[in-house]
Amino acid sequence: MVIMSPQAIDQQKEISRRIARVPPSIMLSLADKIRQIESSGQKIIDLSLGQPEVPAPNHISKALQDSLLNPQTSYSSSAGSAELRDLIAKDLSTRSKGVGTSSPEVIVTSGSKHALFITLLSLIDPGDQVLVFEPYFPPYAEILGLVGGELKTVPIDFETLEADIDAFLSAVSAKTKAVLLNYPNNPAGWTLSQSQVQKIVSYCTERGVYVISDEIYDHIVFEGKSHTTAWSYSSDSKYVVHIGSFSKTYSMVPYRLGFVAARSKVCDAILKAQRATVTMVSPYIQSAGIAALKGPQDFVKSRLAIYEERRNKCLDILKSSDLVCPKPSGAFYLFIPLLNTNHRECHDAFDFATKFLDQYKVAVLPGGIFGDKWREYIRMSFATADSQLYEAMGKLCEFCKF
Ligand SMILES: Cc1ncc(COP(=O)(O)O)c(C=O)c1O
């Protein structure tokens, strides 16, 4: 017989097995730690989270303010406002080269993380496997912990940081219910070509495996290359589910606005999960989304140019020291291997990130939070003001020298 302490008994009774299974969010607890340090008057350069340093363009925030002047008193449609869903559907159709979708196949969500949550909740049963490339966005594991699914990972190439599609597809098994793609990728910056996307969708469709495609960085693809959305192949496949967001494209992180598009039955199921959880997204926030899609798109283009210039400059700075980092094709992160550096006093990237924060007041994320095999890498975001970013890069090179 196992004798348990009263505290252990209390814990067992209070906390569900489901929540106990969820790994802690190191990303968000680090963000809390940074806020705490800053509130004591110390300055931190924060390259940890991916949050554009500029606010959303004025026409977007003005739309929010204007909508608050027309206060509403009732619940609105759980799937989202007809106008916003229609705009999202049109935008997605344009981006998938005419492969149509219509507003009934779109659900407006509280950020794309919630879109991911209700999608996985609707498709995955305990024991089902979801295949992802590793390193991966940590909330995938947290959400699957909640839902009860099993995360199975296929590592990308350790040196080039490119995804091997054949290795990935050969890991699909009878237990695989869905593959979860994220391209352009956070944290490693790789993306997929048109033929790779097509190959994944057709391979999975033949086997009845869902392709949940998290493409929230779809507007941040460098060197003039275009982005192929998996939705382009959704007319032949009911298995494609598209996850999108306003957070990064329009600098709308705090608005919490995203969406999911899926073919009819799946969309109905996801809507059930939306109704059971948040009911609907605030109509005021949806007004901002309407303004974002209807308004001028020059902000999106100018941000892309800024990110590309920063990517190039950061890589030059790293090259001038001993740090070699593969060039990201998209998104706004550098995933830097520490293998060639002299940071002998750090036993892994967790230790590195802690000491770097303590000694140089710069926050980066340890690679191990994106998958256990990546403990020798750090991730830094370049969605940070130039002056701070380059100061932090200088500090990084200095820290790696001794
Ligand atoms: C790959 C990926 N998916 C989803 C999200 C969630 O974004 P949001 O909930 O702000 O739309 C993020 C945020 O960093 C991300 O990097």
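The values are calculated or read from the model by the stated rules, or taken from the named source; none is laboratory data. Predicted model, so just to flag it, every value in this text is computed and none were measured. Quick reminder, even Gly has a Cβ in these numbers, built from the backbone with ideal geometry, and neighbours come from all protein chains shown. The area values use the complete protein model at the heavy-atom level, side chains included, leaving out ligands, DNA and RNA. Shrake-Rupley method; radii C 1.70, N 1.55, O 1.52, S 1.80 Å.
Quick look at the values:
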item: Helices (runs of 4 or more DSSP H) contained entirely in region 277-384, each with at least 3 residues that are modelled with pLDDT of 95 or more; result: 283-294, 298-320
item: Top-ranked residue in region 90-116 [being modelled with pLDDT of 95 or more and of a type in the set (Gly, Ala, Ser); ranked as farthest from ILE285 (Cα to Cα)]; result: ALA115
item: Tally, over region 172-191, of residues that are surrounded by 24 or more Cβ atoms within 10 Å (Cβ to Cβ) and either of a type in the set (Ser, Thr, Tyr) or part of a loop (DSSP other than H, G, I, E, B) (or both); result: 8
item: So THR119, is it within 16 Å of the ligand (Cβ to nearest atom), touching a helix residue (DSSP H, G or I) at 6+ places or on another chain (Cβ under 6 Å) and modelled with pLDDT of 95 or more; result: yes
item: Residues located in region 185-227, provided they are more than 20 Å from ALA261 (Cα to Cα) and more than 16 Å from the ligand (Cβ to nearest atom); result: SER193, SER195, GLN196, LYS199, TYR203, GLU206, ARG207, PHE222, GLU223, GLY224, LYS225, SER226
item: Per-region count, region 45-77, residues in a loop (DSSP other than H, G, I, E, B) and over 23 Å from the mean Cα position of the chain (by Cα); result: 9
item: Residue that is touching a Ser or Thr at 6+ places or on another chain (Cβ under 9 Å) and open to solvent by less than 60 Å² (accessible area, probe 1.4 Å), where the choices are SER61, SER103, SER122, SER67; result: SER67
item: Residue that is nearest to TYR183 (Cα to Cα) [pool: residues in region 219-233 that are in contact with a helix residue (DSSP H, G or I) (Cβ under 8 Å, 6 or more places away or on another chain) and small (Gly, Ala, Ser)]; result: ALA230
item: Flag for PHE133 being within 15 Å of the ligand (Cβ to nearest atom) and within 19 Å of LEU257 (Cβ to Cβ); result: no
item: Flag if ALA167 is in a helix (DSSP H, G or I) and touching a residue at least 60 places away in the same chain (Cβ under 8 Å); result: no
item: Residue identified as under 27 Å from ILE200 (Cβ atoms) and open to solvent by 10 Å² or more (accessible area, probe 1.4 Å) among VAL278, VAL266, VAL241; result: VAL266
item: Tally, over region 137-157, of residues that are open to solvent by 30 Å² or more (accessible area, probe 1.4 Å), in contact (Cβ under 8 Å) with a residue 12 or more places away in the chain and farther than 24 Å from ALA276 by Cα; result: 5
item: Filter result for TYR250 (within 16 Å of the ligand (Cβ to nearest atom), open to solvent by 10 Å² or more (accessible area, probe 1.4 Å), in contact with a Pro (Cβ under 8 Å, 6 or more places away or on another chain) and within 27 Å of PRO135 (Cβ to Cβ)); result: yes
item: Output for region 380-397, where each listed residue is of a type in the set (A, V, I, L, M, F, W, C) and open to solvent by less than 30 Å² (accessible area, probe 1.4 Å); result: MET380, PHE382, ALA383, LEU389, ALA392, MET393, LEU396, CYS397
